[in-house]
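Encoded as structure tokens, the structure appears first; notes follow it.
Where a number appears in this text, it was derived from the coordinates with a stated rule and is not lab data. Treat the numbers as computed from the prediction; the structure is a model and nothing was measured. Please note: Cβ atoms are built from the backbone with ideal geometry, for glycine as well, and neighbour counts cover all protein chains shown.
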Amino acid sequence: MARTALVTGGSRGIGAAISKALKEAGYQVAATYAGNDEKAKAFTDETGIKTYKWNVADYDESKAGIEQVESDLGPIDIVVANAGITRDAPFHKMKPEQWKEVVDTNLTGVFNTVHPVWPGMRERGFGRIIVISSINGQKGQFAQVNYAATKAGDLGIVKSLAQEGASKGITANAICPGYIATEMVMAVPEKVREAIIGQIPTGRLGEPEEIARCVTFLASDDSQFINGSTISANGGQFFV
């Protein structure tokens, strides 16, 4: 029986590429989304991947949604915590609600997604936790104190879960994408985009599918000895 993968924020951008790649690799995939019903339906119509609507920042919503996924598809073996938001502002102008919204989604949202499935993974002796962090969680970024803090915190979650889950056949790893050619990045003014590309040694933006291939590997049995690691997929822009 095919293993079941849950991809939060899995119907658009990098998440959509991950969902598609996991399906192509033979997994049953459930993709979550936060609000855009029309685009979620279009994604399901295109791919056949079922979508589920909940707010990862809410523990009860997440727990109920996960229970529905497991009722529909079976126990969740792979979690890809990809959902994230930005609320950018220079620190001296950042409002408390901008801080809280990003922390609730990008950091607490990982807890809310992983915590409900953790006991089942321990009982079954298998699990893959894959958290999509960011280059800006590694190096920081102007006007992203909130975002960078959460993405750095995600790496701490991964390193800790790796130690707790190792004896139970569970691995936890992170991927830190650099600048990827998503709708959001392609929507910025061309001059800004060119300036970004100028900082990337490979001379181009990454593709969502390149991140998806990293996820597919980490979800597989071939990755079982890789635990607590961070894959930096940034075209050589930043080294840890």
Tensor-based shape of the range 4-231 (alpha-carbon gyration tensor, a/c under 1.5 rounded, otherwise prolate or oblate): rounded
Neighbourhood net charge (12 Å Cβ-Cβ; Lys/Arg +1, Asp/Glu -1) for Thr230: +1
Set of the range 213-240 residues, backbone N closer than 15 Å to the point 7 Å along the Cα-Cβ line of Gln163: 227-229
Label-to-label distance, nm, for residues given as Glu97 and Lys191 (7 Å Cα→Cβ offset): 3.2 nm
For Tyr52, residues with placed amide H under 5 Å, excluding near neighbours: Ala31, Thr32, Tyr33
Sequence-distant residues sharing a close amide H with Ser232 (under 5 Å, placed H): Cys176
Segment Lys63-Phe142, length gained on full extension (0.36 nm per residue, minus Cα span): 25.0 nm
Mean projected area in nm² (Cα convex hull; one quarter of hull surface) for the range 1-112: 7.2 nm²
Cα Rg, Dmax, the range 144-208, angstrom units: 16.2, 50
Environment charge of Thr108, counting only residues whose C-beta is closer than 14 Å and scoring Lys/Arg +1, Asp/Glu -1: -3
Inter-centroid distance (Cα atoms) of the range 84-149 relative to the range 10-33, Å: 19 Å
Environment charge of Glu209, counting only residues whose C-beta is closer than 15 Å and scoring Lys/Arg +1, Asp/Glu -1: +1
Interatomic Cα distance distribution for the range 83-205, bins of 10 angstrom, percent: 13, 36, 31, 16, 5, 0
Full-stretch length increase - Asn36, Glu210 - with 0.36 nm per residue and alpha-carbon distance subtracted: 60.2 nm
